[in-house]
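What follows is a short report on a single structure.
The values are calculated or read from the model by the stated rules, or taken from the named source; none is laboratory data. Here the structure is a predicted model, which means the values were calculated and not measured. For neighbour counting, all protein chains shown are included, and Cβ atoms are generated from backbone atoms with ideal geometry for every residue, glycine included.
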Amino acid sequence: MTPKVPQKRRAAIAAQVEKAVLTTPVYDIHTHLYDPAFGELLLWGIDDLLVYHYLVAEGFRQFDLTYEQFWAMPKSQQADAIWNALFIEHSPISEACRGVLTTLNRLSLDVRKRDLPALRKWFAKWKVADYTTHVMDVAGVNRICMTNSPFDDVERVVWERGFKRDERFTAALRIDPLLLSWNDTAAPRLRDWGYDVTPELSEKTASEVRRFLADWTRRINAQYLMVSLPPDFTYPGDNACARLMETAVLPHCREFGLPFAMMPGVKRAVNPLLKLAGDGVGLCDTASYESLIAAHPDNQFLITALARENQYSLCVAARKFRNLHLFGCWWFTNIPFLIEEMTRMRLELIGLSVTPQHSDARVLDQILYKWEHSRRIIARVLVEKYADLTATGWEPTNAEIQRDVQDLFGGAFECFCSRQSAREAQTIRPTVAAKKGNRDQRSRTTPKT
């Protein structure tokens, strides 16, 4: 029988782990936040917290309002309706509601008074740049990876105009329309922007798509490419999505040494009357993802699935494929019960080669609660795991615990990403001069997008 860890030693381990987890800066590797230079695209403040789509969906379970009445209201009135329905008329015990309260608490605001106008006055005194720094400092987040789509007309203009980058914000190239709406959206837009593509996925079209991806990868300095996929995605497949992955996206990722992030399981517009809050969840076919990853051993893949039922098989897949990195508890899995279950399962099956959490925040303030809640859960699981090690006679040192936490909070992700970059550097070194010449030539002839 494995000996039990003395209570005093377990308490010492807990203190070491909690200190490391609560003080180690986080690289938040997937969010929907923006560099402050993007202006109103960066959401923040109490009204944006309250009209977040998690709370909108919950609010409609209590409202007497029709959908049309709610959407016709200005944002402040929508926030009033949600505050009254979810915080005043009922106790705010859901994770989304608790998140708002944790956020306000971390900002040292008094929530006992239930005074929404007073909260608005406090937020109104801030300038966005100062507030961004304040929130990141309080949350212990030192870098934030955005989600950046060339197909977003408002965002694209900012990139084309150019701006001074905030070095704390990195970029990820989002390509959903390219893969999921080729004929209706992506192909016409690319033609408008000067890329010689046709609906038929010819070799020429694939080459032009790769040129488009290269232009935007350079423009935003993308850290990875990403797509959110529906539950019915299959691979192999004779459809635009699978063919564009094969002929354009994955070759581009190999050339630039970038991972390809896939987020499967979204059922779009289950209830379209809820707008952004109306998406649902479905099971994905993990065998399709295993086939895709197996067919492309020279690509690196990031995956976070939306359905709880897919988590175990993806953990097993990560044991089989070194080019697969699991990350985060996404959307509907971002609740304490599932965060703890998933974190425990991942550590027990694949050890520390995982990024257990990302915030997926759409409102800057949310990084306060999402990381506060997740850190506590991650610490609890780690304390148990280090106690298990100690019971075997293996005593983890403070330095080892700190190293492991740094890996979980961004280090393992960066190590994973660097593998492909290093591999591609070795592959292209003999022809780097020629490729540089080709890139320089392309950059002189690239149309403005």
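Looking only at the stretch 369-424, count how many residues are among the basic types (Lys, Arg) and either in contact with a His (Cβ under 7 Å, 6 or more places away or on another chain) or farther than 20 Å from Ile339 by Cα (or both). Walk me through how you get there before you give the answer.
Here is the first cut: in the stretch 369-424, the residues among the basic types (Lys, Arg) are 370, 375-376, 380, 385, 403, 419, 423.
Subsequent filtering for residues that are either in contact with a His (Cβ under 7 Å, 6 or more places away or on another chain) or farther than 20 Å from Ile339 by Cα (or both) retains 403, 419, 423.
Residues meeting the conditions: 3.
Scan the stretch 183-196 for residues that are part of a loop (DSSP other than H, G, I, E, B) and either over 30 Å from the mean Cα position of the chain (by Cα) or without any contact (Cβ under 8 Å) to a residue 12 or more places away in the chain (or both) and jot them down. Before the answer, list the steps.
Taking the stretch 183-196 and keeping what is part of a loop (DSSP other than H, G, I, E, B), we get 193-196.
Within the stretch 183-196, Gly194, Asp196 meet the criteria.
The rows are residues; the columns are (1) surrounded by 12 or more Cβ atoms within 10 Å (Cβ to Cβ); (2) at pLDDT 95 or above; (3) of a type in the set (Val, Ile, Thr).
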position	(1), (2), (3)
Ile401	yes, yes, yes
Glu414	yes, yes, no
Arg419	yes, no, no
Gln426	no, no, no
Thr431	no, no, yes
Ala434	no, no, no
Arg444	no, no, no
Pro447	yes, no, no
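So, in the stretch 92-107, of the ones that are among the polar types (S, T, N, Q) and touching a residue at least 60 places away in the same chain (Cβ under 8 Å), which residue ends up surrounded by the most Cβ atoms within 10 Å (Cβ to Cβ)? Walk me through it before giving the result.
Initial filter on the stretch 92-107 (among the polar types (S, T, N, Q)): 94, 102-103, 105.
Subset that is touching a residue at least 60 places away in the same chain (Cβ under 8 Å): 102-103.
Numbers: Thr102: 19, Thr103: 25.
Looking at the filtered set, the residue picked out is Thr103.
State which residue pairs qualify: first residue in a helix (DSSP H, G or I) and inside the stretch 395-406, second residue of a type in the set (A, V, I, L, M, F, W, C) in any location, beta carbons under 7 Å apart, and separation of 6 or more residues or different chains.
Ile401/Val17; Ile401/Ala20; Gln402/Ala20; Asp404/Leu352; Val405/Ala20; Val405/Val21
Which one of the conditions (1) surrounded by fewer than 16 Cβ atoms within 10 Å (Cβ to Cβ); (2) touching an Asp or Glu at 6+ places or on another chain (Cβ under 8 Å) does Leu190 fail to meet, given that it meets all the rest?
Against the list (1) surrounded by fewer than 16 Cβ atoms within 10 Å (Cβ to Cβ); (2) touching an Asp or Glu at 6+ places or on another chain (Cβ under 8 Å), Leu190 comes up short only on (1).
Across the stretch 152-182, what is the total count of residues that are surrounded by 12 or more Cβ atoms within 10 Å (Cβ to Cβ) and touching a residue at least 12 places away in the same chain (Cβ under 8 Å)?
Restricting attention to the stretch 152-182, the residues satisfying the condition of being surrounded by 12 or more Cβ atoms within 10 Å (Cβ to Cβ) are 152, 155-156, 158-159, 163, 165-166, 168-182.
From the residues that got through so far, the ones that are touching a residue at least 12 places away in the same chain (Cβ under 8 Å) too are 155-156, 158-159, 163, 165-166, 168-180, 182.
Residues meeting the conditions: 21.
Of the residues Glu68, Glu89, Glu58, only one is surrounded by 15 or more Cβ atoms within 10 Å (Cβ to Cβ) and acidic (Asp, Glu); which? It would help to see each step written out before you state the result.
Details: Glu68 fails: surrounded by 15 or more Cβ atoms within 10 Å (Cβ to Cβ); Glu89 fails: surrounded by 15 or more Cβ atoms within 10 Å (Cβ to Cβ).
Unique residue meeting the criteria: Glu58.
Under 9 Å between Cβ atoms, at least 6 apart or on separate chains: pull out the pairs that start in the stretch 1-22 with a residue that is without any contact (Cβ under 8 Å) to a residue 12 or more places away in the chain and end on any residue that is among the β-branched types (Val, Ile, Thr) and part of a helix (DSSP H, G or I).
Filtered contacts from the stretch 1-22: Lys19/Ile401.
Taking Met136 as the residue in question, decide whether it is at pLDDT 95 or above, under 17 Å from Gly39 (Cβ atoms) and either of a type outside the set (Val, Ile, Thr) or surrounded by fewer than 19 Cβ atoms within 10 Å (Cβ to Cβ) (or both). So that I can check it myself, show each step before the final result.
Numbers: at pLDDT 95 or above: yes; under 17 Å from Gly39 (Cβ atoms): no; either of a type outside the set (Val, Ile, Thr) or surrounded by fewer than 19 Cβ atoms within 10 Å (Cβ to Cβ) (or both): yes.
So Met136 does not fit the description; no.
For the stretch 351-364, indicate whether the set of residues that are surrounded by fewer than 22 Cβ atoms within 10 Å (Cβ to Cβ) and assigned to a helix (DSSP H, G or I) is non-empty.
Checked the stretch 351-364: no residue is surrounded by fewer than 22 Cβ atoms within 10 Å (Cβ to Cβ) and assigned to a helix (DSSP H, G or I).
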